[in-house]
Amino acid sequence: MADVDLRKLRYFLAVAEQLHFGRAAEQLYIAQPVLSRQIRALEDELGVQLFVRDRRSTVLTPAGEQLLADAGPLLAGAQALRRRVLRAARGADTLTVGFMPGLIVTAPVQAMANRHPELTLELVRTTWDDQTTAIHDGRVDVSFVRLPIDAQGLSVRPLCTEPRVVVVSAEHRLAGKQTIDVADLADEHLLQDPELVSEWRDVATELRIGRPDVPVFHSVEEKLEHVAAGRGIIFVPLSVMAFYTRPDIAYLKVPDIAPNQVSLAWGADRHSPLIEEFADLAADLAPPVARAGR
C-alpha cells in the first residue's frame, strides 16, 4: 500500500470535523471539487470508504471513524517533528515554557535564565483545551499544567496544589457568603466538565440532579461572561481569582472541594538536560505552603 499523504489527511480531518464538503473546502481555501477528488484519492489509497455522502448529509463510515481517531495524533506528531528539527538546526539555544492561566512562573524561568545567559526562554499561555496538545505538537518544550490531564506519552512531575473556589453571578442567591458547602451547589448548572470537579459530580448524583449539556468554551474569559449573565457556575483555582476581579461575579470558598494539582509535563521521549534542570528548578521554587506531598 502506498504511503499516506499528510496533506490528504489534513483534508480528511477538515471534512470529518465539518461533515460538510463545502464548509471544509472554505476552511482549507480550496475548491470543493478539488477537495472531493483528494478524498476519493485517499479512499483509493487506503482501499476503504471513509464517508457516506448524499445531498442532505455527510457521515463517517466505521473506517472513517477509525482514521479520525488516528489522523490527529499522526499529524500532530509530524508537526512536532518539523518544529524539533528546526529547533535542532538553530542549536540548543531556546527553551519554550507553557503555562496555564493564574500560574506565575517567573521564579523558575528567571532562575533558568540566570544559570544560562545564552539561553532564550520563551513563554506560551495555554488553556484547558490545549495544555497537553501544545506539548505533543512541539509548540512548547515543557509546560505547567493543571490536572487532570491525559498523561499518555508525557513525563509528569507534581509541583504543588492550590485551593479551588466557585464563581457565581453577583446576583446569585449565595453571592453574599464567603464560604459554602459543595452540597449548596448540587442543583446548579456547571459550565465545565463535571469530571473536573468530582465532589460536585458525586453530590449531584446522590441528589439525582440532572446534568445539562456543557457548552464548549475555550478560555476563562468566555466562562466568566456566562457566569456573570447567570447561566451557570464554574470552579477555578484560587490563583485565577486574583487575575479576574470584576463587579458582576463573586468568588466563594468551598472547603470540601479537593484542591487543584499543578504539575510540570513534557514529552516522555524528550531526554533533554535543559528540561530536567528546569523541572528541578520548578520543583524547588514551587510555593512553599502548597508543595505537592506536603
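Distance from the C-alpha centroid of the stretch 117-180 to that of the stretch 37-61: 38 Å, rounded to the whole angstrom. Estimated translational diffusion coefficient (Stokes-Einstein, Kirkwood radius over Cα pairs, 37 °C, 0.692 mPa s) of the chain: 149 µm² per second.
For the stretch 10-18, putting each phi into the Karplus relation 6.51 cos²θ - 1.76 cosθ + 1.60 with θ = phi - 60° gives couplings of 5, 4, 4, 4, 4, 5, 5, 6, 8 Hz, in residue order, rounded to whole numbers and with x for Gly and Pro.
From Cα pairs below 8 angstrom and at least 6 apart in sequence, can you work out the relative contact order of the chain, rounded to a whole percent?
Details: 434 pairs, mean separation 62.6, N = 294.
That works out to 21 percent.
The simple spin-label model puts a point 7 Å past each Cα toward its Cβ; for Ala229 and Leu75 those points are separated by 3.0 nm. The alpha-carbon atoms of the stretch 6-74 define a convex hull whose volume equals 79 cubic angstrom per residue.
So what's the back-of-envelope 222 nm ellipticity for the chain, counting only DSSP H runs of four-plus at -39500 (n - 2.57) apiece and dividing by all residues, rounded to 500? Show your work: numbers first, answer last.
Numbers: 10 runs with 115 residues, N = 294.
Rounded to the nearest 500, it is -12000 deg cm²/dmol.
Each principal axis of the Cα cloud of the stretch 1-159 was evaluated for its coordinate range; sorted largest first, these ranges are 61, 34, 28 Å.
Between amide H atoms placed 1.01 Å from N, distances below 5 Å from Leu154 occur with Ala268, all of them 5 or more places distant or on a separate chain. Note on the chain: antiparallel DSSP beta bridges, both residues inside, total approximately 70 percent of the bridges counted.
Near Val142, the amide H atoms lying under 5 Å from its own belong to Thr96, Gly98; only residues 5 or more places off or on other chains count, and H is placed 1.01 Å from N. In sequence order, the stretch 154-169 has phi-based couplings of 10, 9, 10, 10, x, 10, 6, 10, 8, x, 10, 10, 9, 10, 10, 5 Hz under the Karplus curve 6.51 cos²θ - 1.76 cosθ + 1.60, θ = phi - 60°, and Gly or Pro positions carry x. Compared with the alpha-carbon gap, the fully stretched path from Thr127 to Arg173 is longer by 13.6 nm at 0.36 nm per residue.
Only the coordinates and a few stated rules stand behind these numbers; no lab work does. No experiment lies behind these values; they were computed from the predicted model shown. For neighbour counting, all protein chains shown are included, and Cβ atoms are generated from backbone atoms with ideal geometry for every residue, glycine included.
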